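A short reminder: the numbers here are calculations on the coordinates, not readings from a lab. For clarity, every value in this text was computed on a predicted model and none was experimentally measured. Methodologically, a virtual Cβ is constructed for each residue, glycine included, from the backbone with ideal geometry; neighbour enumeration extends over all protein chains shown.
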Amino acid sequence: MADTIIHTPRDPNTLSNYNNWRTTRTAVSIDILFDEQILKGKVTHTLKSITNAETKEILLDSSHVQVDNVEVNGKKHKFELGPRLEPYGSALKIYLDEGVPNDTEVDVCIDFATTAACTALQWMTPAQTSNKRHPYMFSQAQAIHARSIFPNIDTPDVKAPFDFTIRSPLPVVASGIPAESNPKQASADGELETYRFTQPVPIPSYLFAIASGDIAFAPIGPRSTVATGPDKLAGCKWELQNDTEKQLKAAESLVFPYKWGQYNVLVLPASFPYGGMENPIYTFATPTIISGDRQNVDVVAHELSHSWSGNLVSNASWEHFWLNEGWTTYLERRIQAIIHGGDKWRDFSAIIGWSALTDSIKNFGETHEFTKLIVDLKGKDPDDAFSSVPYEKGFVFLYYIEKLIGQDQFDKFIPHYFETWSMKSLDSYDFKTTLLDFFQHDKATSQKLENIDWDTWFYKPGYPPKPDYDTSLVDEVYALADQWQRFTKDQNSDFTPKPSDIQGWSANQLVVLLERMLLFPQPLPVEHARYLGSTYSLRESQNVEVSSRYYQVALLSGDTSIKGHVVDMLGKVGRMKFVRPLYRHLIIMDVELATETFEKNKDFYHPICRAMVKKMLMGDKS
Ligand code: BES
Ligand code: ZN
């Protein structure tokens, strides 16, 4: 089963004819033109024909890219950009002179330039960066934005090794191993210098990544470097150097040795729209993880886990995104248990995850398509389906299987699964077969696996059964939340909040407290919300996970005095996880202020974040 090559396209989110062609190697040669805010260059795809149909046409994904020339095997060829089909872009059609026999390769070289409408790149002027000295650019290709950088077969079902030649006046990082000869500093005269990278492990196009700007480097472990703005370097090094290698070792003990050589982290400017992005060799991360307390390094545990789940073993389409994110969340939490010593730590994190799941299901509605483990994305934009569901429902599914067969058994399956699918892509049905096949000679385990109601797990919308988590780390948090709730219902309750209530708590415990309060059937009264903030110094917290949640509690209670803080945060942080709920609540409280705040900050936000907030302001609640 695992070795069969499937030629039917199982990804509905690509316009390429990847059932006829597979990319076997991609080489890009790109100039970063900061003044024009475009990338300009050539991409060469080696494409292999995989059918007997002798196809005379190659269809590639492209979106808002300018195509200047196409050569096939060194000879200029006719091409055509098809009509735009939202949200997928325009297919680039390349006509061949004659049909290409099965198993034959052709080199397709395309001269391209990005345009202002590119959704994968954010360009920042010097004024928009932290030390205001140099411009900055970075890419974010997941899920279907790689096609707006250059034409390619943009599906996670197709993987190829990459070579990068990037010319820039400023230091460059990319999702490949940097060449020794790469310059370490900006060029003195602003001229372009050449940076080379190679990625020998086959990767899908969504893992193509580059960034360039005033970037400095520091070691954070034996195989790890942190890269960020020179003014932030010491803080980032401190934050990450304690845990990165420990996390890598923990992951290796669960799966098998790390296969990518280096594991590095690039800490981006504040407009980076995600917490982290698992670009191979270089995880891209939000600066909000640099909170000065090492309390947000779980984001790194998550992103480095993707080195196995997602990057080595990829979901075949975004409909099976839980295979990437559910597995990664599962590994991330196992790493936490190893590092902190005990399963109560992963259950603690899983409890936080359950409330994120609740939030997502409430927002979509319990019967919504996007609350299923396998979602139907035909004609849809995978970005619209993005939520905690694949992460948390996926995690709960794997956790359920682990408990069903026992951790010892499940731990034997983990390396087998990743070995079997290494450098390949799979869907949920492949996952099912791999699991059942692995245990077929183990009667006791097979019998247990018969209890899995696959259809319900895969296709039923809404909540999965809630696991019985070890609540020891949240019990005191829940007890305090209950006191606040009683306080709200009964003004005469004898509860007097005091700073010592939360003494010795981790930031994540505060997160659980605030999440719990967000789910109270009745919001806190305004005075209580204010009291909560002042007693526990929540307004001032440097940890955005904490302060942003406190702002949500305050907004929900109707505390208008929080507006200034919220507006301030919305001008400083572009991570969608924080931006989305804050706008959602602010729109309810003061839509004019929300609109004004968006207008002021829209150039700061990443194109994807900008589009999301715009949609929200137009009345789309998701
Ligand atoms: N791969 C995701 C980010 C992503 C998903 C980007 C879909 C574009 C489309 C990344 O691994 C991730 O899950 N990041 C999380 C952090 C994490 C600790 C849950 C995030 O950004 O919040
Ligand atoms: Zn992830």
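Normalise the Cα radius of gyration of the stretch 423-527 by 2.2 N^0.38 Å (N = residues in it) and let me know the number.
Output field value: 1.71.
Loop only per DSSP, at most 12 neighbouring Cβ atoms within 10 Å: give me the GluC sites (Glu not before Pro) in the stretch 42-142, ordered by residue number.
For GluC sites (Glu not before Pro) across the stretch 42-142 that sit outside H, G, I, E and B with at most 12 neighbouring Cβ atoms in 10 Å, the list reads Glu98.
Expressed in nm², what is the orientationally averaged projection area of the convex hull enclosing the Cα positions of the stretch 337-395? Let's see the in-between values first.
Details: hull surface 18.3 nm².
The orientation-averaged projected area of the Cα hull of the stretch 337-395 comes to 4.6 nm².
As an exercise, find the ratio Rg/Rh for the stretch 1-127 from alpha-carbon atoms, using the Kirkwood inverse-distance average for Rh.
Checking Rg against Rh, the ratio lands at 1.01.
With all pairs of different alpha carbon atoms counted, what Kirkwood hydrodynamic radius in Å does the stretch 196-270 show?
Details: mean 1/r = 0.0723 Å⁻¹.
Hydrodynamic radius (Kirkwood, Cα only) of the stretch 196-270 equals 13.8 Å.
For Lys372, which aspartates and glutamates qualify as cross-link partners when the Cα separation must be under 20 Å and same-chain residues fewer than eight apart are set aside?
Candidates past the 8-residue exclusion: Asp11, Glu319, Glu325, Asp359, Asp381, Asp383, Asp384, Glu392, Asp427, Asp430, Asp453, Asp455.
Give a quick list of GluC sites (Glu not before Pro) in the stretch 377-472 that DSSP marks as loop, anything other than H, G, I, E or B, with at most 16 other Cβ atoms within 10 Å.
Loop-located and lightly packed - Glu450.
How big is the equivalent ellipsoid of the stretch 583-622 along its three axes, where each semi-axis is √(5λ) from the Cα gyration tensor, reported in whole Å from largest to smallest?
Over the Cα atoms of the stretch 583-622, the semi-axes work out to 16, 12, 7 Å.
Could you give the distance between the Cα centres of the stretch 227-296 and the stretch 550-587, to the whole Å?
Cα centroid of the stretch 227-296 versus Cα centroid of the stretch 550-587: 26 Å apart.
For the chain, state the average projected area of the convex hull of the C-alpha atoms over all orientations, rounded to one decimal in nm². Please list the in-between numbers first.
Numbers: hull surface 110.8 nm².
In nm², the orientation-averaged hull projection of the chain is 27.7.
Rounded to two decimals, what is the ratio between the C-alpha radius of gyration of the stretch 470-553 and 2.2 N^0.38 Å? Please report the intermediate quantities before stating the final value.
Working: Rg = 11.9 Å, N = 84, 2.2 N^0.38 = 11.8 Å.
So the stretch 470-553 has a normalised radius of gyration of 1.01.
Could I get the Rg over Rh figure for the stretch 203-327? Both from C-alpha atoms, Rh via Kirkwood, rounded to two places. Before the final figure, lay out each step's value.
Numbers: Rg = 14.0 Å, Rh = 14.7 Å.
Using Cα coordinates only, the ratio equals 0.95.
Above 22 Å lies some portion of the pair distances; for the stretch 538-622, what is it as a whole percent of all C-alpha pairs?
Every Cα pair in the stretch 538-622 considered, those over 22 Å come to 16 percent.
Which value at 222 nm does the chain reach when only helices count, each DSSP H run of 4 or more adding -39,500 (n - 2.57), with the total divided by all residues and rounded to the nearest 500 deg cm²/dmol? Intermediate values should be presented prior to the final figure.
Values: 19 runs with 226 residues, N = 622.
The helix-only estimate for the chain comes to -11500 deg cm²/dmol at 222 nm.
Could you tell me the center-to-center distance, by alpha carbons, between the stretch 468-512 and the stretch 45-80 in angstrom?
The distance from the Cα centre of the stretch 468-512 to that of the stretch 45-80 comes to 61 Å.
What is the P(r) of the stretch 476-622, as percent of Cα-Cα pairs per 10 Å bin from 0?
Percent of Cα pairs in each bin: 11, 42, 31, 14, 2, 0.
So which helices of the chain fit the span-like rule, where a helix is a whole DSSP H run, its Cα atoms reach 24 Å or more along the axis, and its mean Kyte-Doolittle is at least -0.5?
Values: long enough: 322-340 (26 Å, -0.43); 343-364 (31 Å, -0.23).
The answer, listed by residue number, is 322-340, 343-364.
Please identify every one of the trypsin sites (Lys or Arg not before Pro) in the stretch 337-418 that sits in a loop by DSSP and has no more than 10 other beta carbons within 10 Å of its own beta carbon.
The qualifying sites are Lys378.
Give me D for the stretch 119-256 in µm² s⁻¹, whole number, from Stokes-Einstein with Rh from the Kirkwood sum over alpha-carbon pairs, 4 °C and 1.567 mPa s.
Answer, rounded: 78 µm²/s.
Using bins 10 angstrom wide from zero, how does P(r) for the stretch 335-477 break down, in % of all Cα pairs?
10, 35, 37, 17, 1
In bins 5 Å wide, starting from 0, what share of all Cα pairs of the stretch 285-356 does each bin hold, as a percent?
Each 5 Å bin holds this share of Cα pairs: 4, 16, 22, 23, 21, 10, 3, 0.
Using r as the Cβ-Cβ distance of Tyr429 and Leu404, and R0 as 22 Å, what FRET efficiency do you calculate, to the nearest 0.05?
Result of the calculation: an efficiency of 0.70.
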